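One structure is given here, and the rest of the page talks about it.
The values are calculated or read from the model by the stated rules, or taken from the named source; none is laboratory data. Everything numeric here is computed off the predicted structure, so don't read it as measured data. Every residue, glycine as well, gets a Cβ built from its backbone with ideal geometry; the counts of neighbours run over all protein chains shown.
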Amino acid sequence: MTKQHMFTQTAFTAFLILVTMFTPASADSTTSRYLAFQSFSLHFRNFDELNGINPTLGLEVSPRSGLGWQAGVFQDSFEQLSGYAGINYTFASYARGNLRARLLGVANLTYKQFHKNQAPEARLIPLPAIELKTIRQVYVNLSVVPEIGGKKYHTNGLIYLQFKLKL
């Protein structure tokens, strides 16, 4: 990654995180803020060449139903600094006793290295997610990134777990 790419990446992601941090939350309890702090990935192809531990630092603002958004930085599977910003939509929520779950659709503009030994680039990545509450304020997103594109714009599909802390 060149210094120019790193500066652009860092500035873009820092801006998005600051905007997310200073966006007022809803006055009611239907909108939540989360700190994303760790992700693990399992790739559909070339998994032996890719890193499955992806440190993350991000913020998410999302309601129990409807439109929300997120932004953050992470170390991609090539161990390069990367970033994302996007929207999320909660299609369904489930709560019974201590069990909490949500079904989300997410679209992230992701800036990362998509191919080994190539420069990072920005791509829009759609993904479904299931959010589960684990213990106290800790949540887990289980997401599937589809394998999309052709030879030039191919995206390696993967399943990932993202841990979040409700703020």
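Tell me which residues, restricted to region 62-75, are under 17 Å from Lys164 (Cβ atoms), of a type outside the set (D, E, K, R) and either in contact with a helix residue (DSSP H, G or I) (Cβ under 9 Å, 6 or more places away or on another chain) or in a loop (DSSP other than H, G, I, E, B) (or both).
Trp69, Gln70, Ala71, Gly72, Val73
Mind counting the residues in region 76-100 that are part of a strand (DSSP E or B) and surrounded by 17 or more Cβ atoms within 10 Å (Cβ to Cβ)?
Total satisfying the criteria: 8.
Which one of Lys116, Lys112 is exposed (fewer than 14 other Cβ atoms within 10 Å of the Cβ), of a type in the set (Lys, Arg) and either more than 14 Å from Tyr160 (Cα to Cα) or over 11 Å from the mean Cα position of the chain (by Cα) (or both)?
Being exposed (fewer than 14 other Cβ atoms within 10 Å of the Cβ), of a type in the set (Lys, Arg) and either more than 14 Å from Tyr160 (Cα to Cα) or over 11 Å from the mean Cα position of the chain (by Cα) (or both) holds for just one of Lys116, Lys112, which is Lys116.
Of these, Leu103, Leu127, Leu142, which one is loosely packed, with under 14 Cβ neighbours inside 10 Å, modelled with pLDDT of 85 or more and under 21 Å from Gly58 (Cβ atoms)?
Matching residue, one of Leu103, Leu127, Leu142: Leu142.
Restricting the search to region 83-106, which residues are touching a residue at least 24 places away in the same chain (Cβ under 8 Å) and out of contact with any strand residue (DSSP E or B) (no Cβ under 6 Å at 6 or more places or on another chain)?
Result: Asn98, Leu99.
Could you tell me which residue of region 73-100 is farthest from the chain's Cα centre (by Cα), considering only residues that are modelled with pLDDT under 95 and of a type in the set (Phe, Trp, Tyr)?
The qualifying residue farthest from the chain's Cα centre (by Cα) is Tyr94.
Take the residues of region 51-72 that are of a type in the set (A, V, I, L, M) and surrounded by fewer than 22 Cβ atoms within 10 Å (Cβ to Cβ): which is modelled with the highest pLDDT?
Among them, the one singled out is Leu67.
Determine whether Arg136 is on the phi > 0 side of the Ramachandran plot, without any contact (Cβ under 8 Å) to a residue 60 or more places away in the chain and charged (D, E, K, R).
Criteria met by Arg136.
Any residue in region 156-167 that's closer than 17 Å to Leu59 by Cα: show its pairings with residues that are surrounded by fewer than 14 Cβ atoms within 10 Å (Cβ to Cβ) and among the hydroxyl-bearing types (Ser, Thr, Tyr) at Cβ separation under 9 Å, as long as the two are six or more apart or on different chains.
That search, which allows pairs on different chains as well, returns Phe163/Thr134.
Suppose we keep only residues that are hydrophobic (A, V, I, L, M, F, W, C) and crowded, with 16+ Cβ neighbours inside 10 Å within region 145-160. Which one would you say is modelled with the highest pLDDT?
This residue is Leu158.
Within region 104-150, can you find the residues that are of a type in the set (Gly, Ala, Ser), outside any loop (DSSP other than H, G, I, E, B) and farther than 22 Å from Asn51 by Cβ?
Of everything in region 104-150, those that are of a type in the set (Gly, Ala, Ser), outside any loop (DSSP other than H, G, I, E, B) and farther than 22 Å from Asn51 by Cβ turn out to be Gly105, Ala107.
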